[in-house]
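J.: Before we start, here is the structure in question, set down as structure tokens.
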Amino acid sequence: MDKNLIVFGNAQSMKEIGDESVHLVVTSPPYFNAPFDYPDMFESYEEFLGIMRNVSREIMRVLKWGRVAALVVDDTLIKGKKYPVVADITKIFVEEGFRYRERIVWVKPEGYIRISRRSGVLLQNPYPMYYYPDNLQESILIFQKGEFDYKSIPEDIREASRIDLEEYQKNKWYLNVWYITNVLPTHNRLERGIAAFPEEIPYRLIKLFSYKGETVLDPFMGSGTTLKVAVELGRKAIGYEIDLELLDVIRKKLNIGQNSLLGNSNEFEIIVREDAKRLRSKLQEKVKQIKRVKKG
Ligand SMILES: C[S@@+](CC[C@H](N)C(=O)[O-])C[C@H]1O[C@@H](n2cnc3c(N)ncnc32)[C@H](O)[C@@H]1O
């Protein structure tokens, strides 16, 4: 892969990428029908898991031997029922041949505004059986395709990719609990309605699991956070996104087609496939309806 690439289309087929040509996958799949992000996006939980299985097969195909796929996921709560997304995705990836290496818990600050404060139920009814805790965490699942050959990396690339130990120690990367502030829901943020993760997550994963000049893939790119950080860290980037309505947000975030006289335009090839869809406006309309019903 020489160029950065963005494909608008369904990541169940990543036919634009050759076998064994990606060094790292960093992604966050859509949160299954989450009421504030993707209401009724999937017809059933089984349909959602089927899509995850197809994408995991494509990831297995395009990843180089020994390399890692990192997925930011969480169980989804819909009408009082939790769907075990973390466990089911782990099972799917293991069944498709990956080694389950690690689960890192991403903890958000306590003042996190987007959570539904279910814990209030117990304040109203301070008795047993009224316990519903507020959710401040997500999981970062790390899967590996076979064993990595540490000797395969030339000495100069290894040195150029050296991890800054001061940063590693100071920000406690060595723990399997990462305290990272989420993207704050400010009114005019670029990522409105996208459920974007903060740059710090791909920043750590790309530094920890890829070398300079290598290729990083995000099959569910959303606003393009993974691709932005990958390019900033001297990696090549590939992203898939089904929703063509995100084109402008992605262009802005990745500085594509901006003033190249200033030398700050990033080079990306953009392919729009026939299976791309237009989703955001409809999803956002549904989210508004849900919020109105909750208030009313
Ligand atoms: C949780 S968001 C990713 C957000 C991203 N990490 C960011 O920081 O902006 C998941 C994205 O996957 C997209 N998506 C859902 N199903 C897809 C599919 N089958 N193929 C490609 N993209 C898909 C959604 O439109 C959504 O933008």
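No lab work stands behind these numbers, since they all come straight from the coordinates. Here the structure is a predicted model, which means the values were calculated and not measured. With ideal geometry, Cβ positions are generated from the backbone for all residues, glycine too; neighbour counts draw on all protein chains shown.
J.: Give me Rg/Rg_expected for the stretch 47-95, where Rg uses Cα atoms only and Rg_expected = 2.2 N^0.38 Å with N residues.
T.: Relative to the 2.2 N^0.38 Å estimate, the stretch 47-95 comes out at 1.28.
J.: Sorted by packing (mean other beta-carbon atoms within 10 Å per residue), highest first, where do 21-29, 270-278, 163-171, 69-77 land?
T.: Answer by packing, highest mean first, reads 21-29, 69-77, 270-278, 163-171.
J.: Below 12 angstrom from the Cβ of K15, what's the summed charge of the other residues (Lys, Arg +1; Asp, Glu -1)?
T.: -2
J.: Further, regarding this structure: Can you order the peptides 221-227, 192-198 by their average number of other Cβ atoms within 10 Å per residue, highest first?
T.: The densest-packed peptide leads the list: 221-227, 192-198.
J.: Turning to a different aspect of this structure: When all alpha-carbon pairs of the chain are counted, what percent fall beyond 25 Å?
T.: The share of Cα pairs beyond 25 Å in the chain comes to 50 percent.
J.: Still on this model: Determine, at each q value in 0.12, 0.13, 0.14 (inverse angstroms), the log₁₀ of I(q)/I(0) that the Debye formula gives when each Cα of the stretch 144-296 is one equal point scatterer.
T.: Values returned for q = 0.12, 0.13, 0.14 Å⁻¹ are -0.67, -0.78, -0.88.
J.: Starting from the Cα-Cα distance between D156 and L247, subtract it from 0.36 nm times their residue separation and give me the gain in nm to one decimal.
T.: Residue separation times 0.36 nm, minus the Cα-Cα distance, leaves 29.1 nm.
J.: May I pose another question? Binning at 5 Å from 0, report for the stretch 10-77 what percent of all alpha-carbon pair distances ends up in each bin.
T.: Using 5 Å bins, I get a P(r) of 4, 16, 24, 23, 15, 11, 6, 1 for the stretch 10-77.
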